[in-house]
1. Kindly indicate whether I102 is at pLDDT 95 or above, open to solvent by 20 Å² or more (accessible area, probe 1.4 Å) and hydrophobic (A, V, I, L, M, F, W, C).
2. If we keep just the residues of segment 41-64 that are over 21 Å from the mean Cα position of the chain (by Cα) and assigned to a helix (DSSP H, G or I), which is modelled with the highest pLDDT?
3. Any chance you could count how many residues in segment 75-84 are of a type in the set (D, E, K, R) and either within 15 Å of the chain's Cα centre (by Cα) or part of a strand (DSSP E or B) (or both)?
4. Residues in segment 160-201 that are without any contact (Cβ under 8 Å) to a residue 24 or more places away in the chain and surrounded by fewer than 11 Cβ atoms within 10 Å (Cβ to Cβ): how many?
5. Among the residues of segment 19-58 satisfying the criterion of being of a type in the set (D, E, K, R) and under 17 Å from D7 (Cβ atoms), which is surrounded by the most Cβ atoms within 10 Å (Cβ to Cβ)?
6. Strands (runs of 3 or more DSSP E) wholly in segment 85-201 with at least 1 residues that are more than 26 Å from S68 (Cβ to Cβ) - which ones?
7. Of the residues in segment 77-127, how many are closer than 14 Å to I192 by Cβ and touching a His at 6+ places or on another chain (Cβ under 8 Å)?
8. Taking A76 as the residue in question, decide whether it is within 30 Å of F35 (Cβ to Cβ), surrounded by 22 or more Cβ atoms within 10 Å (Cβ to Cβ), aliphatic (A, V, I, L, M) and touching a helix residue (DSSP H, G or I) at 6+ places or on another chain (Cβ under 8 Å).
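The values are calculated or read from the model by the stated rules, or taken from the named source; none is laboratory data. These figures come from a predicted structure and were not determined experimentally. Positions of Cβ are generated from backbone atoms using ideal geometry, with glycine treated the same way; all protein chains shown enter the neighbour counts. Quick note on the areas: whole protein, heavy atoms, side chains included, nothing else; ligands and nucleic acids left out. Shrake-Rupley method; radii C 1.70, N 1.55, O 1.52, S 1.80 Å.
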Amino acid sequence: MYKVFIDHRPIIILDDSNFSENLKYTINASQLIAFPKDIECLLHDITIENPLFIFSNNIDSDFERLFSEYKLVEAAGGLVESESGFLIIKRNGLWDLPKGKIEKNESPEHAAKREINEECGISGHTIEKLLTITYHTYMFKGIMILKKVYWYKFNYLGNDVLSPQLEEDISKVKWFSKKEISEVKLNTYGSINEVFNVYGI
């Protein structure tokens, strides 16, 4: 299965065997050539509650074909938990999780740890596990980007003073309790909520 957020709307590519008539928006991959033009008319009705389900008899092949006009960018980030709660940043007015582009010859794990240090100012955080991989699209200088993000769960026992990386448009870094995450989920991206949902908060 692939779940991709296009304009913050979820597109889910599934194997044909998972087809259900109870799903609201469905289409067969064979009816599509490439994104985004083939689904622009469908995006208006798609919501988080009602994604577009695309059924395929070869999901890997169809995923590559449908996103063939996009440039793939790989990034990594993390959900950091400590006794103070979960580490959340505010970037460009929306709550977010620390993440950034994977550098050449860098592993996703190292990139996630580095980005958390750079964007939040903490050190000594340790990886517990890979949580999930998300995909979302955006435009950058006229180029269509498909971003693949590796998300890791981190544990943190330190007490470093939080320091937002202002040059990356991060205006705030804050610890949120588990109960307060509901506030974050109302003002963030669909792919970030996907990370929270996978972890169960």
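1. Values: at pLDDT 95 or above: yes; open to solvent by 20 Å² or more (accessible area, probe 1.4 Å): yes; hydrophobic (A, V, I, L, M, F, W, C): yes.
Here the answer is yes, as I102 does meet what is asked.
2. S61
3. So in segment 75-84, the residues of a type in the set (D, E, K, R) come out as 81, 83.
Subset that is either within 15 Å of the chain's Cα centre (by Cα) or part of a strand (DSSP E or B) (or both): 81.
The total comes to 1.
4. Residues in segment 160-201 being without any contact (Cβ under 8 Å) to a residue 24 or more places away in the chain and surrounded by fewer than 11 Cβ atoms within 10 Å (Cβ to Cβ): 5 in total.
5. Filtering segment 19-58 for residues of a type in the set (D, E, K, R) gives 21, 24, 37-38, 40, 45, 49.
With the extra rule that they be under 17 Å from D7 (Cβ atoms), the set shrinks to 37-38, 40, 45, 49.
On the way: K37: 10, D38: 13, E40: 11, D45: 11, E49: 7.
So the residue we want is D38.
6. On the way: elements: 85-91, 94-96, 99-101, 126-140, 143-155, 170-176.
The qualifying strands (runs of 3 or more DSSP E) are 85-91, 94-96, 126-140, 143-155, 170-176.
7. 2
8. Numbers: within 30 Å of F35 (Cβ to Cβ): yes; surrounded by 22 or more Cβ atoms within 10 Å (Cβ to Cβ): yes; aliphatic (A, V, I, L, M): yes; touching a helix residue (DSSP H, G or I) at 6+ places or on another chain (Cβ under 8 Å): yes.
Spelling it out, A76 is indeed within 30 Å of F35 (Cβ to Cβ), surrounded by 22 or more Cβ atoms within 10 Å (Cβ to Cβ), aliphatic (A, V, I, L, M) and touching a helix residue (DSSP H, G or I) at 6+ places or on another chain (Cβ under 8 Å).
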